[in-house]
Structures are given as structure tokens and as C-alpha cells.
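Structure, as C-alpha cells:
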There are 2 protein chains.
Amino acid sequence: MPVYKAPVEDTLFLLNDVFNIERYNNLPGFADATPDVVEAVLGEGARLCEEVLQPLNRSGDLEGCKRNPDGSVTTPKGFKQAYEAYAGGGWIGLAMDPEYGGQGLPYTLGAVMNEYASAANMAFAMYPGLTMGAIAALYVHGSDEQKRAYLPKMIEGTWSGTMNLTEPHCGTDLGLIKAKAVPNGDGSYAITGTKIFISAGEQDITENIIHLVLARIEGAPAGVKGISLFVVPRNAIGEDGSIGANNHVSCGSIEHKMGIHANSTCVMNYDGAKGWLIGEENRGLNAMFVMMNEARLGVAIQGLSQSEVAYQNAVAYAKDRLQGRSLTGAKEPAKAADPIIVHPDVRRTLMSIKAFNEAARAFVIWNALKSDIAHRSGDAAERQAADDQLGLMTPVLKGVLTDIGFDNAVKAQQMYGGHGYIAESGMEQFVRDARIAMIYEGANGVQAMDLIGRKLGRDGGRAIMAFFNEVGGFLKENGEDEALKPLLAPLQASLGHLQQATMWFMNNALAKPDNAGAGANDFMHLLGLVSLGYMWARMAKVAQDKLKAGANGATERMNTKLATARFFMERSLPETAAHLARITAGADSTMALTAEQF
Amino acid sequence: MPVYKAPVEDTLFLLNDVFNIERYNNLPGFADATPDVVEAVLGEGARLCEEVLQPLNRSGDLEGCKRNPDGSVTTPKGFKQAYEAYAGGGWIGLAMDPEYGGQGLPYTLGAVMNEYASAANMAFAMYPGLTMGAIAALYVHGSDEQKRAYLPKMIEGTWSGTMNLTEPHCGTDLGLIKAKAVPNGDGSYAITGTKIFISAGEQDITENIIHLVLARIEGAPAGVKGISLFVVPRNAIGEDGSIGANNHVSCGSIEHKMGIHANSTCVMNYDGAKGWLIGEENRGLNAMFVMMNEARLGVAIQGLSQSEVAYQNAVAYAKDRLQGRSLTGAKEPAKAADPIIVHPDVRRTLMSIKAFNEAARAFVIWNALKSDIAHRSGDAAERQAADDQLGLMTPVLKGVLTDIGFDNAVKAQQMYGGHGYIAESGMEQFVRDARIAMIYEGANGVQAMDLIGRKLGRDGGRAIMAFFNEVGGFLKENGEDEALKPLLAPLQASLGHLQQATMWFMNNALAKPDNAGAGANDFMHLLGLVSLGYMWARMAKVAQDKLKAGANGATERMNTKLATARFFMERSLPETAAHLARITAGADSTMALTAEQF
């Protein structure tokens, strides 16, 4: 049976030593997040994930969700109780406004908990995750009345939330949405249409489900500028908050899919359901996009989470499975064979996953902090800079962490040989679950286009220039450190590739947008690698400093960090040159064929 | 529903124009394989795969195999009839000795048919595939009596064959095998032991199953030098070939696994089953290894096959799905949106799969021809050279084609967005099925070690030197051709990387074997990329020549070849520099941690 242990120690290293969150204690919520509180909170969260969520991961996959003839959906055994424990522990409202029952702690801690929960049970974590997304949208765009009506119940876990965007004929291209909203004359609208791929669209966990639905008000302009956002409770809600009759909202079917079996993916039918506008008419996409950064960061975290849990199991197996002998002589001569962790190709695999996971965790926390700053700082310039970075890095986080996270789940499965292909090992579930993260919340190709088409050039390239300055400044400042030099030289080279690629787009993509499109995916991964390399540089510097200062019992841990940093620089960064070469090849060969020639 | 069309035209281009198989008509069987015959044979095979096997692919995945309480196994509906059609068409015996009912045609044609059948229905193709493997082992190592007893029935499809190597505690490390064989005194042995992961171990398709089983004769030396190979029919066989009682062979359970659901993966129990030695005592591994090259090439073909069928479906979807507009202005303004094939990132994805598939197909055929030459040529030097290449390239074919084949199935699935995650699309099945090819018949890490540890240095590096000479010679001969130059320059650079990597191992791995182990996977992929690049160079030259000569109605097809060749050179070959960088980084950072530090 698969195992999972939340990496609390590594998280604390990042929060306390690398990003030093204490220096943000002027931000609302951060003053309460003292090191002791953070450690206690994460310890509590880790326990919940390890003891309650993880044991339901495989059973949830096997049982799946079932739609009953009456349209209700039965979730796997234990999910309802786990959700109650999750909500009861205050995790849904961790970073939410105390006015509505939240704890007001930093969003960054919520991102950490999201990693743990997703690693323990990704299909489960989506239920509270989607509720949190709906809460955020209502919080930013809802009226006071709407907030009072919905948020407390959602935060306490009595009601859940969902997002209804996709229709059968449109996913990426939301301008094609057909669902319609007709004013009822009393301020409400009658919503009619079919939505597909609605995660947690129906379930037996909460007493009501608050659907956020994109629809077109009769007579609205065509395309994305005619889409509005509505709140549509599954069941009518009385003045006193009591639950009434079904609001003409029903689950028509649930999908049979590759993974996340324990999360119900629903076709939702709205047949004149009563809904209320959230925010302004025809500004529904805008309302959705505000929460997109966090939602996409959430999916990025899923990529990391599956990589982490798959890694932990691969390590355990590699230490246990006896097969063959070390190339340098038997390491455990008393046994029939050596454990496979002695083999260089096994280590290469494990090191590459480890080196990614730790940098990806840093990359997530670095950007989650930017989200906190963007939302909570009193300094406009600081807010702007944080928002710039978050805008630039969100597609990179989503695209790169889910691509590599999936690859790593595959690599970890490979360590098991034939046993990894058998369902019982749990390894193939990580692969199947991780796969969806590359697709939903904007497929990774769309992330790459968002990066190159919208984020890179925005405000004269201010965000990428700030990134160049930050990384370049770090390299300059530490480039003379003899111990760090061998780590920083490869990063310097990769930063150069990134700068050349950026320049190439400036010179070649404006007149020929296909050059941008054909290089978008490579650019996203190039920026991702440099970002992860920068995270390693910062972690290595801290490790180096701690070792110099005596390390306080953490010598082995800090040496491990330095060795892993070196592996990343030597083995992952060489890829940046290949990305640059593909980018500068341009679009000609990519676009050479007619559709018929494929 | 997924579709599949066997790429007969592309195969004929390779057989006739690129590899010119007519010049081998001095080899046994080749004289019969005139262009007309080949075209007819492949056309017939294509029809069987498209019309009989492919329609059973998704239903087979959904139904899976069921083990009944009596130990029998029920395969999915239609599989028995399909097997009868396959055997009845002469496909099992296509390349087998006519003395036993085979057709004696080139093995190369069998490899082509294997691609088509695996693309149409991989789980199905394993049933005849394993039978063909068992036939090959019996043919080479069996006594005349054994051959007469088993081969005709297996070739005609009345009986099937399997391979029993793996045990619960040993997969890669066969020296640990425990299954034992005790002489019965009458020339037969009583075989006792448990084997796992036995594909097609039990089924309801054929009237008997001929198991080939590795076991240790009582008193045999420990390790791999004490293993013998036995033929163990499931049911006793009378003198007249009639089927008798069960031979103490039973299927204890079948595995629940990630994919290839329609192939029964069995735990096989031998409880004093009567078996007969194949070949010499204690030389069982040797007998197995003889057929390993072909078996591994067969798995390599599975990688290509899933890449091909996934690609075909992705192309169809990309031409059909309307979403967004071209970056260069609407291509189908009358429709609500353009088909997604207009988007550069979609094309990049499709082109990368196409460029791989066509080169991989060439790579397979090139090496399948070497297998025919190695087995059938009358010229000892020619046989030796062919065998050298096949030995060198077998791990590359297996490791690289299955790694990239799987990646491509994932990429093709990605083209479907959320719809690709839904089982109904069939795309996720290709991913799940393709995954096993990276694992079985020697996990890809083992292939890399076989390449670097055994094949590269064998006979003073004769095989790799021959490859360098062949590719170098081609580049020299065609380097002045103005049209080919832009294609050959990147190949020249990549060949240089391969030569540097080879040299680096010579200088750094003998004294420090971990340097070989840590670079093995990169070297395998580096050699794979150069090989695929060489295939593209040869195809491009033929395309160029045909265009010069008038192309005979094939102008568009030849232009497509040239454009795809260019894409491969520009976009896939840059990876060779990254492989070289990782290889020359050596083992230090890979091996730096203790097991506890992971």
C-alpha cells in the first residue's frame, strides 16, 4: 500500500530560512503566523492528510463515484466524514476573511496545505479546493448580501462550491458559450444550458452545492464580452438559510475517466434554474479571471503533489527491492542481491525527481507569498511588483509543474518495474491522477500561449525584466563565492538562454505571430527551468550559510540540499540550450504542411 | 470512437524506395517477396487489423479478462474469433519455416504486421506475439521431436505459447529464480514453482497452451548459470496430438493493471507439472536470450504503434474541433471558430509525433532487415555485420521507441483537452497501454545498461564504429548536396555529440563504472536520436531524388517527407547536446547521497 508523509521540515526550511516570512509580519494575518504557530498548523495539517485523507486514496480510486437513477451521486466511503474533518479543522477558511468565519492566515499556508492534501488524496482535495475557489470569487465580486448568504456556510463546510465554465463545444474558447440567462423580473435570472466536466458538480457530502455558472444574458454581445457569472444554488435557500426544493439543477451523468475517480465529474443541466448575477453584467470572464491565478497555482501544486507522493513511494521501494549487484561491488553481500537504490540509473531517476520537487515547492511558496503581498500589502509598488510576478509566473507554474510532475509520476512508477503497472501498488494511480493537471484549468498549451501572448510583453515586459534583474542581481552578488560558483555558472548560462529567447521573440514574433506560437511551449519550459534553478541557487546559499554558521544539527540536511542543487544544475539545466535552439528555429517547419498533409 | 488506418503507403516507401528490399532477393524467402506480393500481403494485413482487431480494442479494454472460480480465464468477446482469423490468415507463421506450416516470408514483413496489429489492438496482438516468441525459441533450441510435436499446432493457431521468467522476488535479476525441476527418470522433469506477470498465461482462445518455463534443476549451480528452459504444456498431449488432462498447471489469479486489460496477466502455479528440457541443462538463459532481440524489437514496435494510432486520432480531432482563431487571422471565418490544427502549438505537437513515427518505422524496418540478414544470409561477414548492428540497436529500439512512444501517446491525448481524459475518447487507453512497453521485456533502465555495459564495448566497439562509419560516410557522400545540406548539418553535429559521448565513456567509465551507469539512459537516447536522424537523412535523400526524377504522382508526399525531415532536424536533434552535457557531468552528483538522504 502506498505511503505518504507530509514534508513539513522541508516546508519550514523554505518558509523560515529561505523566504523568511517573519519579515512580512506587517501584512494582515502574518503577525499571527509566528514560527511556532506555523509549525503547529502544518503539523496538524500533515496529520490530517496522512491519517485521514491518504488512507482513502486508493479505496476512493477503486470505488469511484456513482450516479444513482434519481440523479444523486454517491461518493466513495469515508469522503463525507473526511470533508467534515477537513472543514472542521478550519482548513477551508484558513486564509479567508474572519468576518465570514475564516482564520485570516496567509494564503501561503493554504498553498502548503493544498500540497499535502493533494499528495495524500488528490481526488478528495478537489472538493474543498473547488469550494475555496467559489468562495474567492464570491468574496471578490459578490455583493455583501451574497457574501453573507453563502460564505459562512461554505467556509464551515455545510455547503460546497463549483465552477461551471465548459460546454460540450467549448473549453478553451469561452466566447462560444451558449448557456443563457433570462431575467425573471425580480432581480434573479432563469439559467438554462448544459455544462460539462464539472468537478464535484454533484455529491453526497454537503447539504447544498453553490454553483457558479457562466452564461449569456439574453441580448448580450457575442463572444467573451457577453458572458456573465451567476450564483446558482442547487437547492433553493430560504430567508433563514434553510434548504428548499431543487432549483432545476441536475446532474445528467458522470464521466468515466482516466483518473481522479473519487471526484465526480458531472454533466450539469440547468433548466430554468434561478440564479443571481455576480458582479457586473457581461463581465463574467473578468470575475473568473481574478481567481484564475490562484486556481492555476492550485493545479500547479497538484503536479508537485503527485510527483512528491510518487517519489516517496519509489524511494521506499528502491531501498527495499533486492535485485542485482552494485557496479562497484556488492553493497549487502549477506543478502541475495543489493537493494536497487545502489544502481546509478535508479539514483539518477530518484535524484531528478527530488531535485524537481524541492525546487518546485520553493517556486510555489515564493509565488504564493507574492499572492499574499499582492492582496494584503499596504504598499502599492510592492503590490504591483508582486502582481506582475504572479501574472508572469502563473502559466509557468501551471504548465511546467504539471508537465514535469506527471513525468515524475511516470518515472517513479518505472522504479517498481512490472509491479508499478499493477493497480495494487498505487503507483499507476498517481500517473492517472497527475495526468488531468496538464489539461484542466487551461491546457498547458494554452498556458504557454498566455505566457507568450499576454504576460511576457505586458507593460513593456516589466515582469520579465524584474525577473532578469532579480536573478542577475543574485548571481552578481554571489558569483564570487567559491563554494557557490560551480552551482551558479550553469544558472548564469541558462539565464543567458532565457534572455536570448526573449530577445528573439521581440525581434521575430511581432511581425510573425506564428513564431511566438511555435516557440511558446519551449519558452514556458525554459522560464520554468531558470526559475527552478534560481530557487536552487537561493536554497543552496541558505544551506551554505547555515553550514558556515554551524548548522545547528542540520548539517546532513544542508549537505543534502547542496548535493541536490548540484544535481539540478548539472542535469536539468542543460535542457535550456535545447529549448533555445527550438525557439530560434522559428515556425517555418512547424507550419509547413497543409492540414491534409498530416 | 477511435480510428486506425494502417500506414501501408509509408511502409511501401520504406521497403521499396528507402531500403530497396529487392536487392535481398538472394536471401531465402525474399525472392517470393516481390513488390506485388508485399503490397498484397500488407494490404491484407491492414484490412484484418482495421476491420477485425481495431473494433475490439476499446470493448476489450472495458471488458477485460476474468478469472473464473475453476481457474479458467475468459477473454473479451470476439478475441477467440479474431485469433482464429489471425492464425487462419497465416500471420502467426508468416516468417516461420514452411516445414512446420509457416510461409517462410521475411521476418521484416512480420515486424510490419506487428506494427499494424499492435496499433489496432495491442492487448490482442500480444496473444499471437507471445506464441510467435515461443515458436522461435522452440525452433532454435528444441529437438526435432519437440519441433514436430509443437510447432505445427502453434503455427496454425490451435495452441498458443507463453514465456515464464519472472517470479515474485525476481524480474531483472533472473539469477534469483527458485522454480525447481526434478527429473522424473523418464526424460521428463517435475516442475514446481510460481511465476508472475505471465502474459496470456491462461485464456479461452486456444485448446492448449504451451508454456516455456525457466527453472532450476535440482543441484544446479546458483545464479544464472543454473537455470534451464522447459516446455510445459498446460494439458498433457497424447501420442496422436490429442489433448489430455491438466498437467498440474494452473492460473492462481490475474492482475488488475493500468492497461492492456484484454490480455490476461497471470500468476501461474506449477505443482509438479511435467516438462521437458529445451536445449542444454543450465543453458536456459542462453536459450531465452537468443530470442530476446526479436522480442525486444517487438516491444519497440508496440511503442511506435501506440504513437501512430494516437497520432492518427489526434490529427482527426485537430481538424474537427473548432476552438479559437488562427494567430494570422481566421482561417474558416464562416464557422464559429477555426479547427485547432491552425494553432502553432497544436502543429508543433502533431509534427513532433509525425516526425518520430516515420523515422521510428524506418528504424524498425532497417533493423528487422538486419535480423533477416543475420539469420538468412549465406555470407558470414554480412551475417556478422547485421548481427553486430542488431545487438547494438536492440536496446536502443526498445528503450527509445517505447519512451518516446509513450510520451507521444500522452501528447496526442493532450490535443483532445478534457475530452482526452474521458475513457470514451479512447485516447487515455493508448496512454495506459503504451505504458507497459517501457517496463516489460527488460525495463528501459535495464536496456540502457545492456547498451552501455555489454553492447557498446563488445568486440572492441566494432558495432558502434560501423555505425559511425555508415552515418559519417552518408554525410560525406551527400554533404555537398545543396538541398540536403540544411538537413545534414544538424545530423553532423549530433553525430559529433554521440562520438564525444562514446569517447568520454572510454576515458572515464572503465575505472569508474558508476560513470557508465549514470550516463546510460542519456547515451541510449542520444544514440536513438542520431539513428532516427540518420533515418530522416536517408528518407530525405530518397524524397529529393524522386522529386528530381519527376516523383511519379508522389510530389506532395515527397514534399511532406522533406518538411517533416526538416522539423526533426531542427526540433528533435537539439536534444543531443543536452544528453552529452549530462553524460559528461559524470556520476558524482548522482551518487552523492546515502540511501538515508533520499
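For the pair B:Asn286 and B:Gln500 in one chain, pulling the backbone fully straight at 0.36 nm per residue adds 73.7 nm over the alpha carbon distance.
From the alpha carbon centroid of segment B:547-591 to that of segment B:339-412 is 13 Å. The calculated pair-distance distribution of segment A:73-126 uses every alpha carbon pair, bins of 10 angstrom beginning at 0, and gives 23, 50, 24, 3 percent. Remark: segment B:8-144 projects, on average over all directions, an area of 9.8 nm² (convex hull of Cα atoms).
Between copies, A:Leu12 shows label-point distances of 7.1 nm, shortest first, with the point placed 7 angstrom from Cα along Cα to C-beta. Its Kirkwood hydrodynamic radius, worked out from the mean inverse distance over all distinct Cα pairs, puts the protein assembly as shown at 31.4 Å.
Toward the positive end of the charge dipole of segment A:159-282, with +1 on the Cβ of Lys and Arg and -1 on the Cβ of Asp and Glu, the farthest Cα among A:Ile227, A:Gly175, A:Thr265 is that of A:Gly175. With semi-axes defined as the square roots of five times the eigenvalues of the C-alpha gyration tensor, the equivalent ellipsoid of segment A:523-589 measures 34, 9, 6 Å, largest first.
Here segment B:299-364 is treated as a sphere whose radius is the Kirkwood value from Cα pairs; by Stokes-Einstein at 10 °C and 1.306 mPa s it diffuses with a coefficient of 123 µm²/s. Here chain B is assigned +1 on the Cβ of each Lys and Arg and -1 on the Cβ of each Asp and Glu. Its dipole about the Cα centre then comes out at about 1240 debye.
Per-residue shielding of B:408-418, expressed as the average number of other chain Cβ atoms within 10 Å of the residue Cβ, stands at 4.
Legend: Rg and Dmax of chain A, from Cα coordinates, 24.4, 83 Å. Counts of other chain beta carbons within 10 angstrom of each beta carbon in peptide A:432-438 average 3. Placing one identical point scatterer on every Cα of segment A:243-321 and ignoring solvent, what is log10 I(q)/I(0) from the Debye formula at q = 0.19, 0.23, 0.26 Å⁻¹? The computed values of log10 I(q)/I(0) come out as -1.12, -1.15, -1.13. P(r) tail, segment B:294-584: Cα-Cα pairs separated by more than 27 Å, 45% of all pairs. Ranking A:Pro128, A:Ala40, A:Leu12 by how far each Cα lies toward the positive end of the dipole of segment A:8-147 (charges on Cβ) leaves A:Pro128 at the top.
Given a Förster distance of 45 angstrom, what is the FRET efficiency for A:Asn26 paired with A:Ala423, based on the Cβ-Cβ distance and rounded to 0.05? It comes to 0.35. Across the alpha-carbon set of segment A:287-451, the Rg to Rh ratio works out to 1.12, Rh being the Kirkwood radius.
For segment A:219-265 versus segment A:62-120, the spacing of their alpha-carbon centroids is 18 Å. When the Cα positions of A:His525, A:Gln54, A:Gln499 are compared along the charge dipole of the protein assembly as shown, A:Gln499 comes out farthest toward the positive end, with charges on each C-beta of Lys, Arg, Asp and Glu. Here A:Arg148 yields copy-to-copy label distances, from shortest upward, of 9.8 nm, the label point defined as 7 Å from Cα along Cα to C-beta. Counting other Cβ atoms within 10 Å as a rough exposure proxy, the listed residues B:Arg557, A:Arg566 run B:Arg557, A:Arg566 from fewest neighbours to most. Among A:Val364, A:Val37, sorting on how many other beta-carbon atoms sit within 10 Å of each Cβ, with the fewest leading, yields A:Val37, A:Val364. Put in order of Cβ neighbour count within 10 Å, fewest first, the listed residues B:Phe467, A:Phe289 become A:Phe289, B:Phe467. Comment: the Cα-to-Cβ extended label point of A:Ser242, at 7 Å, lies 8.2 nm from its counterparts in the other copies, nearest first.
Are there any trypsin sites (Lys or Arg not before Pro) in segment B:281-383 that are in a DSSP loop and have at most 13 other Cβ atoms within 10 Å? List them by number. Working shown, then result.
Numbers: sites: B:Arg283, B:Arg296, B:Lys319, B:Arg321, B:Arg325, B:Lys331, B:Lys335, B:Arg347, B:Arg348, B:Lys354, B:Arg361, B:Lys370, B:Arg376, B:Arg383; in loops: B:Arg321, B:Arg325, B:Lys331, B:Lys335.
Those that pass, being in a loop and sparsely packed, are B:Lys335.
Annotation for A:Arg458 and A:Thr555: the two label points, set 7 Å from Cα along the Cα-Cβ direction, are 4.8 nm apart. Each Lys and Arg adds +1 at its Cβ and each Asp and Glu adds -1 at its Cβ; summed about the Cα centre, the protein assembly as shown shows a dipole of about 1100 debye. Across peptide B:574-582, the mean count of Cβ atoms from other chains lying within 10 Å of each residue's own Cβ comes to 6. With one equal scatterer per alpha carbon and no solvent term, the Debye-computed log10 I(q)/I(0) for segment A:159-282 at 0.10, 0.17, 0.19 1/Å reads -0.29, -0.83, -1.01. When each full DSSP H helix of chain A is screened for a Cα extent of at least 15 Å along its own axis and an average Kyte-Doolittle hydropathy of at least -0.5, the helices passing are A:35-48, A:107-141, A:284-320, A:344-376, A:380-414, A:427-437, A:458-478, A:485-508, A:513-548.
At a 10 angstrom cut-off on C-beta neighbours, averaged per residue, how do the peptides B:194-202, A:303-311 rank from highest to lowest?
Working: B:194-202: 23.9, A:303-311: 30.0.
So the peptides B:194-202, A:303-311, ranked by packing, come out A:303-311, B:194-202.
Among the trypsin sites (Lys or Arg not before Pro) in segment B:113-180, those located in a DSSP loop and surrounded by at most 16 other Cβ atoms within 10 Å of their own Cβ are B:Lys178.
Every read-out reported here was derived from the displayed coordinates using simple, explicitly stated rules and does not represent laboratory data. All figures in this text were calculated on a predicted structure; none of them were measured in a lab. Heads up, the Cβs are rebuilt from the backbone with ideal geometry, glycines too, and the neighbour counts pull from every protein chain shown.
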